[in-house]
Each structure stands twice: as C-alpha cells, then as structure tokens.
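Please read the structure below before turning to the comments.
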Amino acid sequence: GGGARQVFTVEEGRLGGVIGPKGGTIRKLRDATGCQVDVLRDPAYPGAVSVSGPDDESVSLAVSWINDIVNGPAPGTVLEGTVSRVLDFGCTVLLRQGTVEGFVHISQMDDQRVETVPVQEGEAVRVVVLGSDE
C-alpha cells in the first residue's frame, strides 16, 4: 500500500506545542506512531499540518495525539500515563509520552475517601479524562 495521509489545521498559536522544545514533541510523536508530521509553512493555509504514515491506523493515532496536545484529551478518553509529581492533594500525570500533562485530584483516586495520595512518582497509571483546561 502507498500509506495514508491526513492534512488538517491547528490554531497557529498552538503549533509550538505540537513541535515542542527543540522539536522534542514532534520527534516523540514520530517515534511512537511511525508517522511523518510536518507543519506546512504555506501562507495560503495557516496552521496546516500534514501527517503521513504506513496505514490509516497509525495516521489516526498521530492525529488524535496532536488533538490531545492542542485541545486536551476528550472527556472519557482512557490513557496510560506516568505519575510525574505527587502533591498533598493529588498528582500530576504525564500522558502521550510526556507531551501532555494531566492532574488527578485526590478525591478522584478511589471510590472511598483517601487521606494520602496512593501513588508514587514514576508509577504507571491508567486515567480517565474528566475534562481539560485551556
């Protein structure tokens, strides 16, 4: 097969988040999905991003990942992550290989009330996205 390609636009002010510091985010995206991600610097199509890859599945994964970086993951999305910091009232979790950071409040960590945060830094966790802030 000739592979798959999708072109869509990202608000120009948010392209930096897709590229990341020194291109780190876009590299993680390429490594994890096997897709080529290019920001098309075309004045006629501001914010255009091209994603091409070996098949529809990998391109869809890369596109959904970019949407998560730009808009935050959709409520109800279940993602695997790594606890990056433990605080008294919750923890931060790195999602999508560290390209998206989330926060889990202590009240959301168990069905019953817990007094201390029951996770440790570096622990792998599965989270359900409740919402995202801009």
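Answer yes or no as to whether Ser58 is under 23 Å from Gly3 (Cα atoms), in contact with a Lys or Arg (Cβ under 6 Å, 6 or more places away or on another chain) and buried (at least 17 other Cβ atoms within 10 Å of the Cβ). Here the answer is no, as Ser58 does not meet what is asked. Here Val63 fulfils each of the conditions (1) on the phi < 0 side of the Ramachandran plot; (2) touching a residue at least 60 places away in the same chain (Cβ under 8 Å) apart from (2). Do you know which residues across the range 9-24 are open to solvent by 40 Å² or more (accessible area, probe 1.4 Å) and either farther than 18 Å from Gly98 by Cβ or not assigned by the TED database to the domain that holds Val59 (or both)? Scanning the range 9-24 gives Thr9, Glu11, Glu12, Gly13. Just to be sure before I move on: is Glu121 open to solvent by 80 Å² or more (accessible area, probe 1.4 Å) and under 30 Å from Cys35 (Cα atoms) in the structure I sent? No: the conditions fail for Glu121. From the list Ile106, Ile69, the lone residue that is under 25 Å from Ala4 (Cβ atoms) and of a type in the set (A, V, I, L, M) is Ile69.
The values are calculated or read from the model by the stated rules, or taken from the named source; none is laboratory data. Just so it is clear, the structure is predicted and the values come from calculations on it, not from any experiment. Cβ: placed from backbone, ideal geometry, glycine included. Neighbour counts: every protein chain shown. Protein only, heavy atoms only, side chains kept; ligands, DNA and RNA dropped before computing areas. Shrake-Rupley method; radii C 1.70, N 1.55, O 1.52, S 1.80 Å.
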